[in-house]
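Notes follow the structure.
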Amino acid sequence: MKLVSTVIGYPYIGENREWKRCVESFWKGGITEAEFLSDMKKIRLDHLKRQASFGVDLLTVGDFTFYDRMLDQAAMFGLVPTRYKWTGGTVDLTTYYAMARGAKDVVACEMTKWFNTNYHYIVPEYEDSSMKVTKNYLLDYFNEAKEEVGLITKPTIIGPYTFVQLSKGYDDTSKASFYLKLLPLYVQVLQQLVDAGANWIQVEEPALVFSMSEDEIKLVKFIYTQLAEEVPAAKIMLQTYFEGLSAFEELSRLPVSGLGLDFVHGRKGNMASLHKYGFPQDKVLGIGVVNGRDIWRTNLAEQALDAKAVLSLSGVKEAWIQSSCSLQHVPVTTTSENELDPVLRNALSFADEKIVELTQLKSYICDVDWDGNKSVSQSMLANQAIALHEARKNKRVKELVSQVKTEHFTRPLAFKERQVLQKEVLHLPYYPTTTIGSFPQSDEVKRTRRAWRNHEITDAAYDEFVQKEMARWISIQEAIGLDVLVHGEFERTDMVEYFGEKLSGFAFTEKAWVVSYGSRCVKPPIIYGDVEWTVPMTVKEVVEAQKWTSKHVKGMLTGPVTILNWSFVRNDISRKEVANQIALALREEIKALEEAGISIIQVDEPALREGLPLRKEHWNEYLEWSVQAFKLATSSVKNETQIHTHMCYCEFNDFIEPIRALDADVLSIETSRSHGELIQSLKRNPYELGIGLGVYDIHSPRVPSVEEIENILNDSLQVIPKEQFWVNPDCGLKTRKEEETIASLKNMVKAAKKLRQEQ
Ligand code: GLN
Ligand code: ZN
């Protein structure tokens, strides 16, 4: 039996975010196109050399991009929407980046979440026009790796089924012609790679992990039969990830040379399928055993056992040892983290370390005598040490969790009764106006925070600055005439980091960046220990702001599920348990706010929907514990205290039940991109709690007119009774300029006041 260690994909941002700097400097005109291309090439080749130095057998090209790989492929196939006025030839960088980010007079292509990750891709648009291979960049990448690094790599391409599935602009009828135009282009690209000497081509088909209909299975069979007939010499490694392969019996028999399976996130399903259907003996099996989605060090002994089980079950002649998916979802290397607790650091594994683990795993599995091997015992010790870490042995947290009872998850009175009581104490007009929480983070705000973080100004000076800004915005809000005010979140950079820094159990890295979309990177906190509330986190600011106004100031927190979903989370206890720990900590904070006299408290859950598992059949389990975590955090308050929550755009349609189950007194939700749809779904399925449909898009500097907002309000009135009706923008305003913010909110308040008069 032959074993090969391979990489599915490597992060392109670079250890010091060189990639991001290069791209952004090109956008700003800091470097020329020629400089940009040569810097990018250097980064690409450096990354290959770096991976090769870890001793891995087979490396990938085509995992690199100038912005996003779906966009790269759209450009490669000439799928450029007409609005970009592209005139043919290869797709130039100006057009490419206009599609990615929009340009002066043309909007960008849509961007959406890549499966259940926090990465967002550019959605290709099919326009029924002609398509051709404008430039086979995979061929260029393959050749440069061969010529300049001396490596025969495996080019990777997102497969036709997934590519079409994630594109838009076609319907059931035009889908066939999309495929008919697209498949010959795949044939051409694959053939050129084969001709250039590519032994293997990785074709990524993550969409094969969704539940599939008979027709879809037929379609996939057609696609791969077609490719096998047209390019018989191409050895395709059909790579799936994020879940078990659907329709295993049929799809594992597709005419391809290898099949890559995720044995981390799809372990249960893939194992069951192997047991039931076995594995075709003519194929190479890609065994994804190193977690490509988390940051924890692999317990090599355990994973080697797993891989061995897979090997004996499948009985294949050749297998690849790989990560569960591309390593693009993890940071580059732990070696840049010098400030972390050493036990924690030693328990971490980012992309570089995971590649090393792949090579180690391979040698343990091959060697008969791997028991005493040093790497195995080191990985075991590292895992044991973190398991015994003090941060995971917090008695107070364990006790609190053990004391949780059913009644802690529900508010004493039902909404209808709470509504009456809240009305009595809050004295709000009909159609109350409010905002989502943040006000513009001006250059001055950012600069001052940076200076404070760098110890250039004192705590007192920073505090004073934040206070001044809050006071200024309280009077701005009063002047505008808003009904429920906010303190403006000037003290926060990020809605998760801010809380993580004040709760126990969190760690922050120096350079553990991952791409969220385009050149935007995020540095998620690491929840490695028990989460405990130790100090009030938001009370000081909100209470201060409340002193300056007779209007209500809303307390403002990030919810437990969002904190969880936007962090890297420990893997020794369930996500549900971690969510409950966070919920208990927030419950404490909410108590503190309430005791300080705050009567409206908002708990944001913009990431609630993102956490949904890929397969619908797993939704319930997730929703059950995540909704419960929100309720655990929010249900300790008095009946008179009004709990708000906020969600960004979340495809309300199939999500209304879980939202309702949160039992939040008021929900504010982003709507401007889908107002009509939302109204329709509320018609079918009325919502009976307080709700504010966002009345204008906060992503654009445009100031909406009073009439425009009135129209939206009038539309919403068809489905939302007066008693439940709130008026607010789509989301927080931190990225907007002061002027446009004030102008927009003035119009919003005017529109609400007109509505009050008319009624
Ligand atoms: N309260 C946050 C803000 O206003 C909410 C942000 C979000 O929904 N992502 O910025
Ligand atoms: Zn939002």
Item to check | Gap separating the Cα centres of the range 617-659 and the range 1-78, nearest whole Å | outcome: 40
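Provide the FRET efficiency to the nearest 0.05 for the residue 759-residue 683 pair, computing r from the beta carbons and using R0 = 22 Å.
Working from the Cβ atoms, E equals 0.60.
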Checklist outcome for this item: Taking placed amide H atoms and a strict 5 Å upper bound, the residues 5 or more places from residue 61 or on another chain that come that close are 154, 156
Item to check | Placed amide H near residue 348: partners under 5 Å, 5+ positions off or other chain | outcome: 297
Checklist outcome for this item: Taking Lys and Arg as +1 and Asp and Glu as -1, residues besides residue 593 with C-beta under 12 Å from its C-beta add up to 0
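How much net charge surrounds residue 436 when only other residues with a Cβ under 10 Å from its Cβ are counted (Lys, Arg +1; Asp, Glu -1)?
Summing Lys/Arg as +1 and Asp/Glu as -1 gives -2.
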Item to check | Neighbour-limited loop hits for trypsin sites (Lys or Arg not before Pro), the range 372-435 (at most 12 other Cβ within 10 Å; DSSP other than H, G, I, E, B) | outcome: 393, 405
Item to check | Contour excess over end-to-end distance, with Cα ends at residue 640 and residue 427 and 0.36 nm allotted per residue | outcome: 75.5 nm
Checklist entry - With each label point set 7 Å from Cα along the Cα-Cβ vector, what nm distance links residue 173 and residue 464? => result 7.1
Checklist entry - Where in the range 286-373 are there trypsin sites (Lys or Arg not before Pro) that are in a DSSP coil and have at most 14 other Cβ atoms within 10 angstrom of their Cβ? => result 317
Checklist entry - If you take every DSSP beta bridge whose two residues both sit in the range 416-537, what share of them, in percent to the nearest 5, is antiparallel? => result 75
Item to check | Extended-chain gain in nm, criterion 0.36 nm per residue less alpha-carbon gap, residue 406 and residue 309 | outcome: 30.8 nm
Item to check | Contour minus Cα-Cα distance for residue 718 and residue 2 (0.36 nm per residue) | outcome: 251.1 nm
Item to check | Whole-angstrom Cα spans of the range 338-459 along principal axes, big to small | outcome: 76, 48, 27
Checklist entry - How far apart, in nm, are two points set 7 Å out from the Cα along the Cα-to-Cβ line at residue 272 and at residue 508? => result 4.3
Next on the checklist: Sequence gap at least 6, Cα distance under 8 Å: using those rules, report the relative contact order of the range 553-694 to the nearest whole percent.
Outcome noted: 25
Checklist outcome for this item: For the range 118-128, in residue order, the Karplus 3J(HN,Hα) values (coefficients 6.51, -1.76, 1.60; θ = phi - 60°; whole Hz; Gly and Pro = x) are 8, 8, 10, 10, 8, 7, x, 10, 8, 10, 6
Checklist outcome for this item: Per DSSP, the loop-located chymotrypsin sites (Phe, Trp or Tyr not before Pro) within the range 501-545 having at most 12 other beta carbons within 10 Å are none
Checklist entry - Can you give me the Cα centroid spacing of the range 583-607 and the range 175-198 in angstrom? => result 55
Item to check | Estimated distance in nm for a label pair at residue 699 and residue 660, the labels positioned 7 Å out from Cα along Cα-to-Cβ | outcome: 2.9
Checklist outcome for this item: the range 733-749 and the range 227-281 have their Cα centres apart by a whole-number Å value of 52
Checklist outcome for this item: log10 I(q)/I(0) for the chain, Debye formula on C-alpha points only (no solvent), q = 0.07, 0.10 Å⁻¹, two decimals, reads -0.54, -1.12
Checklist outcome for this item: Rg/Rh of the range 107-240 (Cα atoms, Kirkwood Rh), to two decimals, equals 0.97
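Please figure out what share of the DSSP beta bridges in the chain is antiparallel and state it in percent, rounded to the nearest 5.
In the chain, DSSP labels about 15 percent of beta bridges as antiparallel.
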Next on the checklist: Give me the mean projected area, in nm² to one decimal, of the convex hull enclosing the Cα positions of the range 166-311.
Outcome noted: 10.1
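None of the figures in this text is laboratory data; all of them are computed from the coordinates on show. This is a predicted model, so every value here is computed, not measured. We place every Cβ from the backbone using ideal geometry, glycine too, and count neighbours over all the protein chains shown.
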